[in-house]
Amino acid sequence: MRPTVIIAVYKNVAALEIVLKSLERQTYKNFEVIVAEDGNCEEMANFISSYSSDFPIQHLTQEDDGWNKNAILNKAIVAAKTDWLIFVDGDCVLHSRFVEMHVRYAKKGRVLAGKRVKLDKDLSEYLMQDISRITSIPNKLRKFLLPWKKGVGFVEEGFFIDPDGFFGFIPKIRKMKVLKGCNMSFSKEDVLLINGFDEDYRLPAIGEDIDISWRFEAAGCKLFSLRNLAVEYHLHHKENWSDQSINEAMMKEKMKENTYFCVKGIRK
């Protein structure tokens, strides 16, 4: 299988560089990359055009007209040359077996859902300085398992568990209720069945993951957890979440209609 890794970005070139470097370290090598930019930043374009890698990279852009991530993700779905699509954010550094795990559990009708550990500022800077340090991150995370140690979010998600190892049963019992937009994958055929991402959502959160979770399930697809299998390290930055009540209200109305094929998606 040859998947497409779709990286959603907005202006943060330094973070994208470290994400691409983490892709170079993958155990599974046969994939293509699409950088899906919710905007059109000259610095981003110059960086991608000059970046040398063993995998092909497409760079998709659109007008910078406020948060419109779902629109560029839909363009990436159409542009993808493969049938399995892996979605990550441009500030999430990938464990070396990340792509391998998404490919291993890929299956039509199955939606793969992982999570991420949120690194603090110090760990983020430590990793940004040298991608080879990624192998030492789990050891540094262990101290954050102590209840009085603060700064790292969802620390338990930062440890890879080999599914063929002694503790391979643990990921099987760690379930996911909804998708996380920064760590998910599914077949192109299945996402076309629900018409991709709903572009009615023009604010962050919900629209790029929770909304498609219920639409996938309504279409008959099953959620499959990749917790502690497809591991991501989310780089620290200031949170900029808007009031989610608008998106929540919109989704509830759409759920009442129970129409999983969104009106404003890939096909309009």
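Observations
- Residue in the range 50-72 that is assigned to a helix (DSSP H, G or I) and among the hydroxyl-bearing types (Ser, Thr, Tyr) present: yes
- Scan of the range 220-268 for residues that are within 30 Å of Leu23 (Cα to Cα) and among the aliphatic types (A, V, I, L, M), ordered by number: Leu223, Leu226, Leu229, Ala230, Val231, Leu235, Ile266
Residues checked against (1) in contact with a helix residue (DSSP H, G or I) (Cβ under 6 Å, 6 or more places away or on another chain); (2) surrounded by 17 or more Cβ atoms within 10 Å (Cβ to Cβ):
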{"residue": "Val13", "(1), (2)": "yes, no"}
{"residue": "Ile18", "(1), (2)": "yes, yes"}
{"residue": "Glu42", "(1), (2)": "no, no"}
{"residue": "Phe47", "(1), (2)": "yes, yes"}
{"residue": "Asp65", "(1), (2)": "no, no"}
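Condition check ((1) surrounded by 14 or more Cβ atoms within 10 Å (Cβ to Cβ); (2) over 18 Å from Glu253 (Cα atoms); (3) of a type outside the set (A, V, I, L, M)) across all residues:
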position	(1), (2), (3)
Leu146	no, yes, no
Lys150	no, yes, yes
Pro171	yes, yes, yes
Arg174	yes, yes, yes
Leu179	yes, yes, no
Leu193	yes, yes, no
Tyr201	yes, no, yes
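- Condition check for Asn30: part of a loop (DSSP other than H, G, I, E, B), of a type outside the set (Gly, Ala, Ser) and out of contact with any Asp or Glu (no Cβ under 7 Å at 6 or more places or on another chain): yes
- Residue that is surrounded by the most Cβ atoms within 10 Å (Cβ to Cβ), among those in the range 252-268 that are part of a loop (DSSP other than H, G, I, E, B) and among the aliphatic types (A, V, I, L, M): Ile266
- Answer residue from the range 209-251, given it is out of contact with any Ser or Thr (no Cβ under 7 Å at 6 or more places or on another chain), assigned to a loop (DSSP other than H, G, I, E, B) and at pLDDT below 95 and is surrounded by the fewest Cβ atoms within 10 Å (Cβ to Cβ) among those: Lys238
- Total residues in the range 17-69 satisfying the condition of being of a type outside the set (Ser, Thr, Tyr) and more than 21 Å from Ala80 (Cβ to Cβ): the figure is 14.
The values are calculated or read from the model by the stated rules, or taken from the named source; none is laboratory data. No experiment lies behind these values; they were computed from the predicted model shown. Quick reminder, even Gly has a Cβ in these numbers, built from the backbone with ideal geometry, and neighbours come from all protein chains shown.
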